[in-house]
Amino acid sequence: MKNRKRSLSQHPIVRILIIGIFEVIGLVLMAILLNGLTIDRLGLAIVAVALIGLLNALLWPILSRILLPFAVFTGGLLFLVLNGVMIWLASQFIDGFEVNSLWTASITALGMTAINVILSTLFTIDDDGSYYRNVIAKRMRKKGEIVETDVPGVFFLEIDGLAEPVLEKAMAQGYAPTMKRWLEEGSHKLVGWETDLSSQTGASQAGLLHGNNFDMPAFRWYDRQEKQIVTSSKPEDVARLEKAHSDGNGLLVNNGASRGNLMSGDAPNVMNTASVIMDFSRFHTSDFYAYFSSPYNFTRTLLLFFWDIVLERYRLRQQERNDVQPRLDKHHRNFKYALVRGVTTTILRELNIYTLIGDIFAGVPSAYATFVGYDEVAHHSGVETEDAFDALHKIDQQFARLENAVANAPRPYHFVILSDHGQSSGATFLQRYGKTLEDLVQELAKDKEVQRVVSAGEGASNVSVFLTDAMQREQGAGVQRVAGAVKRYTVDDKLELEESGESAIEEVEKTKSAKDKKEELPRIVVLASGNLGLVYGTKRETRVTLEEMETVLPGMLEGLVAHEGVGFAMVNSAEHGPVVIGANGRNYLAEERVEGDDPLANFGPRAAQHLIREDSFPNCPDILVNSFYHPETNEVAAYEELIGCHGGMGGYQTQPFVLYPVELPAPEEDLVGAAAVHHLMKGWVTDSNNATAKQDNS
């Protein structure tokens, strides 16, 4: 990255003075607000802040290193208390500065941090750069383990769910100033790519990080051989998927780092990565050191977390007052969701950034990190709303922080910003028609049993991985009980099946007895991934053919595609291969033949290519259902309750991007499918690793 001209407020001495003034203001205000905190005069506040800073400089590096494992396993709460200890300790040396308890001292630390965050934001002061550059970087270099090199490392920073057209709109409206500046300065180029089907994180990250996403037909699907539902964000399932899809030579295999991802890319350094969350041998507490090495990081993150909860409630009320359409109701944007959102938009983001800063100072050659905040907000608030763009803006700000950190790194870095898929907009199928996809299938199946599979969404799964990380690494029963309680309140990852005929919820275990029931047809299971629906018969290990379906379920296919919320359905014919059926025509994909109106006319020139590939999957559903896509309004209809959705075809969901430095080789052809992007990125990493090895040997 090119060095930027530093503003006066970024000069180390000026910055220290400004932050010191903010902390004095914070301490004085807290003394006014708290009965147990007393400061006789302003001069003592200045002395107190100076002493607190000195104590932090002398004691915090030692204490944070010793207490780091306990801090990780207590979710950082220990360091909140430790902040209070520093303030209480300072009060023991200054007459006229009195703190009556450790509790008061901890609340003082929390309040001072809140005031510092507010003032730093108002005056655009980098509130962590000085500490990292002047303390952490120097300490890491003293170890003698970091070798300086002129060869750039490569960091891949994924913005989950952001489409290229939406990014361009966000830049034009000022919500992505860092990425816009890179483009305007000519340091980066922007190129779009096209997702596979299904357009969702599980399939995309398997392709991006391992170059292989075969037989991942949706976010969740039915595995015929294992006779179970697979969810591509559930740690146990993702671990199996990575094992099946990795050849041991993933994107990050050569001493790379995986931060906040579903897949690891075979990285030896992992943090908050779903596929290896249960593998204790790949967990390193030191990966969290960059986050906990600053006295105020956890306190700052905690405040941002609570602020985002307040912001979510305000945005919901605002949409209700303005009658914004489409929108989700209070049932789907409840307090439980606000907690999940707060974790994804603040805690996971901050943990990623501080860990990446640590990677930069350690000279890690490559890293891949996923920022999930925009995706989570866009699902519930809308793809191009102020709320979603605000989440994107906060992610964009983090890229500037990483850029600034490189100034004191042992090597330069290339920052590649990319997305795994986009999102498409529209009122949901239920909102439009008063029924769900499974209700429609039940109507057409008449007296045959139809069940809906419900599991935790992406945001809840991200929280689950984060909490599981702390729970599994700590053997203390107390910590496990606390983390477990939070997990149960925010994440219900238990699979449930809803019998649409009776609208009754029953747990999976309760359905085991149903296996003994005599049925004319196998049980029908309906799953949804955005506007992609999957219909399976679960009593057989092979796919039902078109001919069989027309015999045993007459009218099912015709009834599905006749519904205005359905764009097309794909089935496999024993005679013709994959057949896409629309309301007024059929497309015989293998024969390249269309009868009547082409059902794929609105879904792009490569729609047939993607569907043929999907049809080759062993776990392709008996009926694959895609909602309509209206090009004139750019709308789809999700089969789950998300007004910003992805998983199928139509609209922005299949249009992610790669923003890459101009020094890196450009793609030689259109990037179609996640594996194509993997090969491009793998080439960049390999070139960097080879150049480093060559320099080391010379």
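The values are calculated or read from the model by the stated rules, or taken from the named source; none is laboratory data. In this text the structure is predicted, and so the values were computed from the model without any measurement. As a convention, Cβ positions derive from the backbone with ideal geometry for all residues, glycine included, and neighbour counts pool all protein chains shown.
Couple of notes before you dig in:
- Filter result for GLU547 (in contact with a strand residue (DSSP E or B) (Cβ under 7 Å, 6 or more places away or on another chain) and not in a strand (DSSP E or B)): yes
- Listed by position, the helices (runs of 4 or more DSSP H) enclosed by segment 167-286 that each have at least 3 residues that are surrounded by fewer than 17 Cβ atoms within 10 Å (Cβ to Cβ) are 177-185, 235-245.
- Test: PRO605 is over 26 Å from the mean Cα position of the chain (by Cα), within 26 Å of GLU438 (Cβ to Cβ), not in a helix (DSSP H, G or I) and not assigned by TED's automatic domain parsing to the domain that holds LEU680: no
Each row is one residue, and each column tells you yes or no for (1) under 19 Å from LEU351 (Cα atoms); (2) at pLDDT 75 or above.
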{"position": "ALA45", "(1), (2)": "no, yes"}
{"position": "LEU54", "(1), (2)": "no, yes"}
{"position": "LEU58", "(1), (2)": "no, yes"}
{"position": "ILE66", "(1), (2)": "no, no"}
{"position": "LEU89", "(1), (2)": "no, yes"}
{"position": "ALA114", "(1), (2)": "yes, yes"}
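- For segment 306-344, taking the residues that are within 17 Å of THR385 (Cα to Cα) and among the basic types (Lys, Arg), the one that is surrounded by the fewest Cβ atoms within 10 Å (Cβ to Cβ) is identified as ARG321.
- With respect to (1) surrounded by 21 or more Cβ atoms within 10 Å (Cβ to Cβ); (2) acidic (Asp, Glu); (3) at pLDDT 95 or above, the lone exception for ASP390 is condition (1).
- Test: residue in segment 628-638 that is within 21 Å of SER232 (Cα to Cα), hydroxyl-bearing (Ser, Thr, Tyr), out of contact with any His (no Cβ under 7 Å at 6 or more places or on another chain) and in a loop (DSSP other than H, G, I, E, B): no
- Index of the failed condition, THR538 passing every other in (1) of a type outside the set (Gly, Ala, Ser); (2) modelled with pLDDT of 95 or more; (3) in contact with a Phe, Trp or Tyr (Cβ under 8 Å, 6 or more places away or on another chain): (2)
- Test result for ALA590, surrounded by fewer than 20 Cβ atoms within 10 Å (Cβ to Cβ) and touching a Pro at 6+ places or on another chain (Cβ under 8 Å): yes
- Out of THR38, THR74, one residue alone is in contact with a helix residue (DSSP H, G or I) (Cβ under 9 Å, 6 or more places away or on another chain) and at pLDDT 90 or above. It is THR38.
- Wholly enclosed helices (runs of 4 or more DSSP H) of segment 384-453 bearing at least 3 residues touching a Phe, Trp or Tyr at 6+ places or on another chain (Cβ under 7 Å), in contact (Cβ under 8 Å) with a residue 12 or more places away in the chain and of a type outside the set (A, V, I, L, M): 386-405
- Among the criteria (1) within 20 Å of ALA203 (Cα to Cα); (2) at pLDDT below 95; (3) among the small types (Gly, Ala, Ser), the one ALA244 does not fulfil is (2).
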